[in-house]
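Have a look at the structure below before the remarks.
The values are calculated or read from the model by the stated rules, or taken from the named source; none is laboratory data. Just so you know, these numbers come straight off a predicted model, no measurement behind them. Here Cβ is always computed from backbone atoms with ideal geometry, including for glycine, and neighbour counts include all displayed protein chains.
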Amino acid sequence: MSHLWLSIQQRRNRDRCWLLVIERDGQRTTRSFSSFDEAKAAERELRRAEKAGRLDLRPRPLPVTLARLSGDFLRAKESEGVAQATLTVYRTLLLASVVPTLGAERHPRTVTALEVEQFRDKRLTEVSPSTVFRELDRLKALLGYAKKKGLVSTNVADEVKFPRIPKKSYDWLRSPELGPFLEACQGEFESIAKVAIFTGLRRREVVFLQRSDVDLLNNVICVRSKSHLGFRPKSGKERSIPIDPVLRPLLVRHLDQHVGLGPEAWVFPQAQGSRRSEKTRWFALSTQSAAQRAGIHRRLTFHDLRRTYGAMLIEAGVDIYTVSRLLGHADVRITQDVYAPLSGRFLAEQAARLGRHIGPSLVRELPTVPSLRQALRTLDQ
């Protein structure tokens with residue numbers, strides 16, 4: 001025969017400070033109440049239900065709140081393979097401002113477009129438009145997740161106008177700067193910088209690069225997901241990057257002299273052979289130091305070396321779609337936005353082919369000077 005044990009306990013400094021503890025058949029559950037009388041009434045009701053044989057102690061489903069929805073959303077993103085650094089940004093944007101301001105314990109269906117607009121306007125007085133844009137973008141993704149789960153019928157963030165943010169400018173090494181910069185790179189950073197410039201690898205892709213990813217037989221470097229290491233390409237797209245003839249001898253020499261023999265060996269390890277931290281500032285500091293030694297006085301980042309690869313491809317006449325695939329961009333519009341000055345010039349050069357193709361035909365169709373004179377005399381008459 002099952003035995004029901006009930007106990008009422010008081011918790012201090014809590015809104016619902018009275019706790020009804022319920023134990024039956026080794027299972028323990030609790031229910032919280034605002035007053036002792038409410039807890040006592042619940043206890044009596046449980047006693048009556050037990051005597052009547054209708055006692056059901058199955059755990060009640062937790063109420064849906066913005067806070068719980070955010071946790072589910074972040075776990076879903078993690079299961080999709082989103083990088084931990086990206087998840088940290090998502091978590092900060094949602095849980096540091098958006099959810100607390102709108103109300104962590106409210107149901108997502110109660111959020112209105114007007115409240116989101118008020119949140120936007122308030123935040124614009126506190127932080128930059130870029131930050132507000134990112135916060136609204138994550139709220140939109142969160143409510144989109146709620147809609148997919150059937151928790152809301154519409155995504156109210158779709159009705160809200162996002163703040164306009166100034167167009168971001170991008171930088172890369174210009175052709176005359178390449179030689180001096182590479183000569184200024186020192187130590188182990190020299191090989192890393194050359195690989196970044198001639199492959200367009202991102203910093204995390206460099207950090208997680210292993211010997212098995214460098215396929216010298218097929219002359220490509222493979223960027224692929226490694227879920228057991230917590231690595232996934234930023235766009236989610238795996239790709240293969242051709243090894244440039246200029247880079248190949250350096251890469252072969254580096255693998256022979258500085259990389260372990262196993263397929264899992266890190267291509268650019270720390271001194272002890274372990275993987276570098278993906279959050280290290282060493283890449284940024286090394287890039288800026290090399291730039292200063294090369295006489296480049298503007299601020300350069302390690303990511304600018306990756307952009308240099310894209311710029312060199314476009315200047316060499318490679319079409320924008322191929323450049324986008326080689327860089328691993330999720331959308332070709334990202335590539336067009338970053339390299340707008342260069343791609344505009346490339347498009348102009350491509351358009352000029354039309355004139356070179358049909359130009360001779362047009363010249364043949366133009367009337368000669370005597371023919372023009374004859375036409376003018378005809379008009380005079």
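On the given criteria, is Ser235 polar (S, T, N, Q), in a loop (DSSP other than H, G, I, E, B) and touching a residue at least 60 places away in the same chain (Cβ under 8 Å)? Steps first, please.
Working: polar (S, T, N, Q): yes; in a loop (DSSP other than H, G, I, E, B): yes; touching a residue at least 60 places away in the same chain (Cβ under 8 Å): yes.
Considered against the rule, which asks whether it is polar (S, T, N, Q), in a loop (DSSP other than H, G, I, E, B) and touching a residue at least 60 places away in the same chain (Cβ under 8 Å), Ser235 comes out as yes.
Conditions tested, residue by residue: (1) within 23 Å of Leu326 (Cβ to Cβ); (2) of a type in the set (Asp, Glu).
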position: Pro176; (1), (2): no, no
position: Glu183; (1), (2): no, yes
position: Asp244; (1), (2): yes, yes
position: Leu247; (1), (2): yes, no
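Quick test for you: out of Ser212, Ser235, Ser240, Ser225, pick the one residue that is in the same structural domain as Leu327 (by TED's automatic domain parsing), among the hydroxyl-bearing types (Ser, Thr, Tyr) and more than 24 Å from the chain's Cα centre (by Cα). Give the derivation first.
On the way: Ser235 fails: more than 24 Å from the chain's Cα centre (by Cα); Ser240 fails: more than 24 Å from the chain's Cα centre (by Cα); Ser225 fails: more than 24 Å from the chain's Cα centre (by Cα).
Sole residue among the options that is in the same structural domain as Leu327 (by TED's automatic domain parsing), among the hydroxyl-bearing types (Ser, Thr, Tyr) and more than 24 Å from the chain's Cα centre (by Cα): Ser212.
Taking segment 190-229 on its own, how many of its residues are on the phi > 0 side of the Ramachandran plot and either assigned to a helix (DSSP H, G or I) or touching a Leu at 6+ places or on another chain (Cβ under 8 Å) (or both)?
Here is the first cut: in segment 190-229, the residues on the phi > 0 side of the Ramachandran plot are 200, 219.
Then drop every residue that is not either assigned to a helix (DSSP H, G or I) or touching a Leu at 6+ places or on another chain (Cβ under 8 Å) (or both), which leaves 200.
Here the count works out to 1.
Count, please, the residues in segment 238-257 that happen to be among the aliphatic types (A, V, I, L, M) and either assigned to a helix (DSSP H, G or I) or within 18 Å of Arg275 (Cα to Cα) (or both).
From segment 238-257, those among the aliphatic types (A, V, I, L, M) are 241, 243, 246-247, 250-252, 255; that's our starting set.
The next check asks that each one be either assigned to a helix (DSSP H, G or I) or within 18 Å of Arg275 (Cα to Cα) (or both); those that pass are 250-252, 255.
Result for segment 238-257: 4.
Against the conditions (1) in contact (Cβ under 8 Å) with a residue 40 or more places away in the chain; (2) more than 24 Å from Asp337 (Cβ to Cβ); (3) surrounded by 12 or more Cβ atoms within 10 Å (Cβ to Cβ); (4) of a type outside the set (Phe, Trp, Tyr), where does Val160 fall short? Just the number, please.
Unmet for Val160, out of (1) in contact (Cβ under 8 Å) with a residue 40 or more places away in the chain; (2) more than 24 Å from Asp337 (Cβ to Cβ); (3) surrounded by 12 or more Cβ atoms within 10 Å (Cβ to Cβ); (4) of a type outside the set (Phe, Trp, Tyr): (2).
Quick check on this structure: which one of Ala39, Ala49 is assigned to a helix (DSSP H, G or I), in contact with a strand residue (DSSP E or B) (Cβ under 7 Å, 6 or more places away or on another chain), surrounded by 14 or more Cβ atoms within 10 Å (Cβ to Cβ) and modelled with pLDDT of 80 or more? Working first, answer last.
On the way: Ala49 fails: in contact with a strand residue (DSSP E or B) (Cβ under 7 Å, 6 or more places away or on another chain).
None of the other options fit; the residue is Ala39.
Evaluate segment 54-62: report whether one residue or more is within 22 Å of the chain's Cα centre (by Cα) and either aromatic (Phe, Trp, Tyr) or surrounded by 14 or more Cβ atoms within 10 Å (Cβ to Cβ) (or both). Please lay out each step first, then the result.
Applying the first criterion (within 22 Å of the chain's Cα centre (by Cα)) to segment 54-62 yields none.
No, the conditions are met nowhere in segment 54-62.
Being within 13 Å of Ala141 (Cβ to Cβ) and either crowded, with 16+ Cβ neighbours inside 10 Å or aromatic (Phe, Trp, Tyr) (or both) narrows it down to one of Leu87, Leu69, Leu102, Leu95, so name that one.
Details: Leu87 fails: either crowded, with 16+ Cβ neighbours inside 10 Å or aromatic (Phe, Trp, Tyr) (or both); Leu102 fails: within 13 Å of Ala141 (Cβ to Cβ); Leu95 fails: within 13 Å of Ala141 (Cβ to Cβ).
None of the other options fit; the residue is Leu69.
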